[in-house]
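*Asks:* Take a look at this one; I'll ask things after.
Derivation of every value follows stated rules applied to the coordinates shown; laboratory data play no part. Since this is a predicted model, take the numbers as computed values, not measurements. Note: ideal-geometry Cβ built from the backbone for every residue, glycine included; neighbour counts use all protein chains shown.
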Amino acid sequence: MRSEPPIADVGVTRLSSKGQIVIPSDMRERAGIDAGTEFTITLCRDGTFQLAPRRRRSIAELAGILHRPGVKPMSARDMDKAIGDWIMADYERISGRKKSAAKTRKKDESRE
């Protein structure tokens, strides 16, 4: 099985006095990028740059990305409780004091 080469094309461009570079039009067309497209730019340790268009994802594309097979989804109430328990444990760890869970639960229930 033959893999594609990592480089599809090479172009030459120049940095302007304003710090701008121009991507050749044929490359822009093939990549499907237009004026206003945002990019991420990475300065590599070897002094080269990597430039990649930022693709915006729709909410529909993100559906299910956190799903883990065999793990039951949590309700918002269960998430709130888990976060509260973690905060309480962290508070106790940092302060060295125990907070009464019963008092905290009563306060939370009275707010509902």
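*Asks:* Identify the GluC sites (Glu not before Pro) of the range 18-92 meeting these criteria: DSSP loop state and at most 12 other C-beta atoms within 10 Å of the C-beta.
*Replies:* Here the GluC sites (Glu not before Pro) that fit, given the DSSP loop and packing criteria, are E38.
*Asks:* While we're here: May I ask you to list the trypsin sites (Lys or Arg not before Pro) in the range 1-97 that are in a DSSP loop and have at most 13 other Cβ atoms within 10 Å of their Cβ?
*Replies:* Answer by residue number: R2, R14, K18, R45, R54, R55, R56, R57, R97.
*Asks:* Starting at the first residue of the range 44-54, write each ³J(HN,Hα) from the Karplus equation 6.51 cos²θ - 1.76 cosθ + 1.60 with θ = phi - 60°, in whole Hz, x for Gly and Pro.
*Replies:* 3J(HN,Hα) across the range 44-54, in whole Hz: 7, 4, 7, x, 8, 10, 10, 10, 9, x, 7.
*Asks:* Could you check the spin-label model distance between R45 and W86? Points 7 Å from the Cα along Cα→Cβ, value in nm.
*Replies:* Result for the modelled spin labels: 3.2 nm.
*Asks:* Across the range 30-39, in residue order, what do the Karplus-derived ³J(HN,Hα) couplings come to in whole Hz, using 6.51 cos²θ - 1.76 cosθ + 1.60 with θ = phi - 60° and x for Gly and Pro?
*Replies:* Karplus-based 3J(HN,Hα) across the range 30-39 equals 5, 7, x, 10, 10, 4, x, 5, 8, 10 Hz.
*Asks:* Counting Lys +1, Arg +1, Asp -1, Glu -1, what net charge surrounds D26 among other residues with beta carbon under 15 Å of its beta carbon?
*Replies:* After counting each charged neighbour, the total is -1.
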